[in-house]
């Protein structure tokens, strides 16, 4: 034993569980009367918000919910959702945020698989929730949120959220987790095949990614954060904890509506927001008069798909500085960032946007990222051409999949987390996604990156949205099939589109099929490629 | 076992030692050609700096220095000191930064007590070091730094630092620490009585406090940091790691010189610096023409003593925004901050400065602070009047004192770290130091805060510096004794000073003795009160 170990073991003075619960205690203590919550006409400060979180913890505890129990929530972006991010773990319970766009069967599966003891639900989803509760065939504590900003729908139970909070003690003496490895939340992946997998987060990772977010953005005190990103998605990329740590303001938004987003940005002088490129695209396509509402600097963190070069350019010309990040449910949301180089500002917009569409480099709080061969885990050449799979390791990688040791072992095989995303590694170490492992098109033995084809399609002046998937083909094995939504008032046919692609892409990458349609999307704005693949097969 | 534990243990994919070594790997990879080091005419980028750190690690390894070994450094603020903060822990060794103002006996004590295997030393200290090496009576690897910015002095050994680096491999494959609890550094407290105590830091705490610094300052990417704070003091408050994490620039400064500081701030557009109030005081007392060099926003973090209200005001009028923090060697430097409230900006300067002189609230990365009774550990009333001792707990509290289980147990008694500092707790939760436990004056049964008396003295127009200590007194037990340095060209006598105090303080707080003199100071600019106490006794 070295002299630096002897008698120097961790003890309760110098080794305490890392937890984002620490953040709200501090912020409520230091800035009790600073604004915390803005939601429609509701205004609450940090003291009130902290008290509501403690009431929630106390009330759950009073109803028999204990450490290690699961509390599910079926909530849009409203204050109760923020409160659940603190109130539930305050009693050592685990927060299971359900995707509000799912159907009753999927919700029932999650409630049963996650063994939820309680469910907090918004009236908007009463149909689905009522059906799900029938399907789970066991009693569960259900608490209804009657959000004044919705004002419709029906209650599912007799227990109203505000009455429930009234049962709780605003000074409830919550307990610091004894172990930072303790679970804090459960997030089901959307799972396009088979049952969804339950991704388990722990306090340590939530604390670190929350700090990683603010370091990445160089976020000062008191950000004003607009909730354009669903909070049920990777716990809102840990921003419920980040914004609270920085004593900021949470500005809520039940549903993405570009006009409302512009209004809120203007009214509350919003400084930060996050979302999928689709959210930015919606803003870009608003009339100039509406876009003029942004008269101060706004920062947007974008992930979920590589934002097409064109959208980045258009958004930045609106005065929104875009930071492109990348992550997955399994890693608490964003964990890589396209870390910007000031000298790139001198490049033409097209080149800047192209650089910005890279997924970039690891967060300060993720310990490793590499692009490597999916089988051998040998890193690929950093040549910007060789395609490999993105692998990660670090303290913001999930504990694993709930009750699924096989999937967990598979995900962690070889000592790295397998993302399933295919990318190239540029000479400067920046990762750039080429495709999902299952999205790549192999046509006549050639790999086609659907993202590259989509990027080209987005540059066509009439294209509003585009997605490319593989279509089975007797001769080529697969061929690229493009689904396109045109801008309103624009016209184009498949021959025009193909000709445009031929001018900008290698011949084998040009879509052999072009379909004009609305694109199916997930609740987080991601285009549902598996639906499109089915469509392509059926053509 | 809960469902959230089963099969979900930490593994090498999702649980990796937190370490600040992670920062330099990332910064050198993402910003290899961004400036890292400015020192006189020396300019190095992050790739070069990282390679030099790896060379250092490799060369130490080649000379038989192993994990758990101690490497001492006797260095001013020069690039080699930064390199040691990474190169030494890269091989699992422990960095012992020696206070360059100490004498040979103290240095010898530390080299022996810390069991140093190697010493990296600057020529400026060749006399002391040579004598210390004689005293330790055992062979030790000595490496001499011949800093071109010094250009004098003599070598102590034949081994030159640059030649030593040349022995090392710039691509040395350093190993991530296997355990974040592993020691990273050893800092001896100045110990006014008895032998100095060796404070042991670990990788986890260094990582967290480095991030805590950045969050507290809302520090964006690429800060330009001027090294006015000695890097041997609490590892430069963890800023060697913070600035590296943020891909900033380290601007070095061998010796505090107000004109040089102003020149460097101007020339390199310095954004951040740290130091004791004495550093700011030196800037304030420069002629206006010199002060005009600061033509851009500069942020200063100040600690080491409560900055007198007057200094805060004067510095801010120079365009330097002051953040007041507080900490001790035992907690990695600053761990509380006088977190500012925007509404305080509307207050008169005097009130603002008075608020800013509070030590404040815990960092995001410290888990707990309280003011409590020294014996019972019962928190005192938050009334801004009741004096208690400051206690801390959290992940940035030291592992303990090296080879000193008694002192460690005493420091951690009752589950909190005992700071030995006396403070009041304001109703808003902000801590304000009244005195060191051993500095408080008890006169006729009344407690006198020497800081309060000093604050009054500093307001006198002729006072440049002031320090108050207790003087034994037959009648009163103790009485306040003031040591004062007057501004050049000013005159005052003891009667004037006492009269001034009588107008601003309760009668029993007025110094009964006033001595005009130069004040003895530590190398970090702290006034040496134990020397003054001896002087007062001898009066």
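The values are calculated or read from the model by the stated rules, or taken from the named source; none is laboratory data. Computed from a predicted structure; not experimentally measured. Here the Cβ is made from the backbone with ideal geometry for all residues, glycine too, and neighbour counts use every protein chain on show.
Which of the residues that make up region A:38-49 are in a loop (DSSP other than H, G, I, E, B) and either closer than 19 Å to residue A:86 by Cα or within 8 Å of another protein chain (Cβ to nearest Cβ) (or both)?
Within region A:38-49, none qualify.
Yes/no matrix, rows are residues, columns are (1) within 14 Å of chain A (Cβ to nearest Cβ); (2) at pLDDT 95 or above; (3) surrounded by fewer than 20 Cβ atoms within 10 Å (Cβ to Cβ); (4) within 30 Å of residue B:16 (Cα to Cα):
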| site | (1), (2), (3), (4) |
| --- | --- |
| B:104 | no, no, yes, no |
| B:125 | no, yes, no, no |
| B:132 | no, yes, no, no |
| B:168 | no, yes, no, yes |
| B:175 | yes, no, yes, yes |
| B:187 | yes, yes, no, yes |
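Mind checking which pairs have a first residue in region B:407-419 that is closer than 16 Å to residue B:368 by Cβ and more than 9 Å from every other protein chain (Cβ to nearest Cβ) and a second that is modelled with pLDDT under 95 and in a loop (DSSP other than H, G, I, E, B), Cβ under 8 Å, 6 or more apart or different chains?
Within 8 Å, the pairs are B:418/B:374.
Scan region B:454-497 residue by residue and report those that are closer than 15 Å to residue B:512 by Cα and part of a loop (DSSP other than H, G, I, E, B).
Within region B:454-497, B:474, B:475, B:476, B:493 meet the criteria.
Tell me which residues, restricted to region B:387-406, are touching a strand residue (DSSP E or B) at 6+ places or on another chain (Cβ under 8 Å), facing chain A (nearest Cβ under 7 Å) and surrounded by fewer than 24 Cβ atoms within 10 Å (Cβ to Cβ).
B:393, B:403
Restricting to region B:271-293, give me the number of residues that are in contact with a helix residue (DSSP H, G or I) (Cβ under 6 Å, 6 or more places away or on another chain) and in a loop (DSSP other than H, G, I, E, B).
Within region B:271-293, residues that are in contact with a helix residue (DSSP H, G or I) (Cβ under 6 Å, 6 or more places away or on another chain) and in a loop (DSSP other than H, G, I, E, B) number 2.
Out of the residues in region B:347-376 meeting the condition of being assigned to a loop (DSSP other than H, G, I, E, B) and within 24 Å of residue A:18 (Cα to Cα), tell me which one is farthest from the other protein chains (Cβ to nearest Cβ).
Across region B:347-376, the extreme among qualifying residues is B:359.
Checking the condition surrounded by fewer than 19 Cβ atoms within 10 Å (Cβ to Cβ) and in a loop (DSSP other than H, G, I, E, B), which residue from B:340, B:344 passes?
Result: B:340 is the single residue among B:340, B:344 that is surrounded by fewer than 19 Cβ atoms within 10 Å (Cβ to Cβ) and in a loop (DSSP other than H, G, I, E, B).
Does residue A:426 satisfy the criteria of being surrounded by fewer than 21 Cβ atoms within 10 Å (Cβ to Cβ) and either modelled with pLDDT under 95 or closer than 22 Å to residue B:10 by Cα (or both)?
In short, no.
Does residue B:529 satisfy the criteria of being buried (at least 18 other Cβ atoms within 10 Å of the Cβ), in contact (Cβ under 8 Å) with a residue 60 or more places away in the chain and under 17 Å from residue B:444 (Cβ atoms)?
Criteria not met by residue B:529.
Report yes if residue A:71 is crowded, with 23+ Cβ neighbours inside 10 Å, without any contact (Cβ under 8 Å) to a residue 60 or more places away in the chain and away from every other protein chain (no Cβ under 12 Å), otherwise no.
For residue A:71, the condition - crowded, with 23+ Cβ neighbours inside 10 Å, without any contact (Cβ under 8 Å) to a residue 60 or more places away in the chain and away from every other protein chain (no Cβ under 12 Å) - is met.
Looking for something in a helix (DSSP H, G or I), within 13 Å of another protein chain (Cβ to nearest Cβ), at negative phi and surrounded by fewer than 23 Cβ atoms within 10 Å (Cβ to Cβ) - is there at least one such residue anywhere in region B:57-68?
no
Just need a number here: residues in region A:420-442 that are within 12 Å of chain B (Cβ to nearest Cβ), touching a helix residue (DSSP H, G or I) at 6+ places or on another chain (Cβ under 8 Å) and in a strand (DSSP E or B).
Residues meeting the conditions: 0.
Which number in (1) in contact (Cβ under 8 Å) with a residue 12 or more places away in the chain; (2) touching a strand residue (DSSP E or B) at 6+ places or on another chain (Cβ under 7 Å); (3) more than 9 Å from chain A (Cβ to nearest Cβ) marks the one condition that residue B:383 misses?
Residue B:383 satisfies every listed condition except (2).
Filtering region B:1-37 down to residues that are farther than 29 Å from residue A:185 by Cβ and free of Cβ contacts under 8 Å to residues at least 24 places away in the same chain, which residue is nearest to the other protein chains (Cβ to nearest Cβ)?
For region B:1-37, the residue satisfying everything is B:29.
For region B:234-251, check the following and say yes or no: at least one residue is out of contact with any strand residue (DSSP E or B) (no Cβ under 6 Å at 6 or more places or on another chain), surrounded by 23 or more Cβ atoms within 10 Å (Cβ to Cβ), more than 14 Å from chain A (Cβ to nearest Cβ) and assigned to a loop (DSSP other than H, G, I, E, B).
Taking every residue of region B:234-251 in turn, none turns out to be out of contact with any strand residue (DSSP E or B) (no Cβ under 6 Å at 6 or more places or on another chain), surrounded by 23 or more Cβ atoms within 10 Å (Cβ to Cβ), more than 14 Å from chain A (Cβ to nearest Cβ) and assigned to a loop (DSSP other than H, G, I, E, B).
Here is a yes/no grid of residues against (1) more than 30 Å from residue B:125 (Cα to Cα); (2) in contact with a helix residue (DSSP H, G or I) (Cβ under 9 Å, 6 or more places away or on another chain); (3) in a helix (DSSP H, G or I):
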| site | (1), (2), (3) |
| --- | --- |
| B:499 | yes, no, yes |
| B:508 | yes, no, yes |
| B:514 | yes, yes, no |
| B:518 | no, no, no |
| B:534 | no, no, yes |
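May I ask you to verify whether residue B:85 is surrounded by fewer than 24 Cβ atoms within 10 Å (Cβ to Cβ), farther than 30 Å from residue A:418 by Cβ, away from every other protein chain (no Cβ under 14 Å) and touching a residue at least 60 places away in the same chain (Cβ under 8 Å)?
Considered against the rule, which asks whether it is surrounded by fewer than 24 Cβ atoms within 10 Å (Cβ to Cβ), farther than 30 Å from residue A:418 by Cβ, away from every other protein chain (no Cβ under 14 Å) and touching a residue at least 60 places away in the same chain (Cβ under 8 Å), residue B:85 comes out as no.
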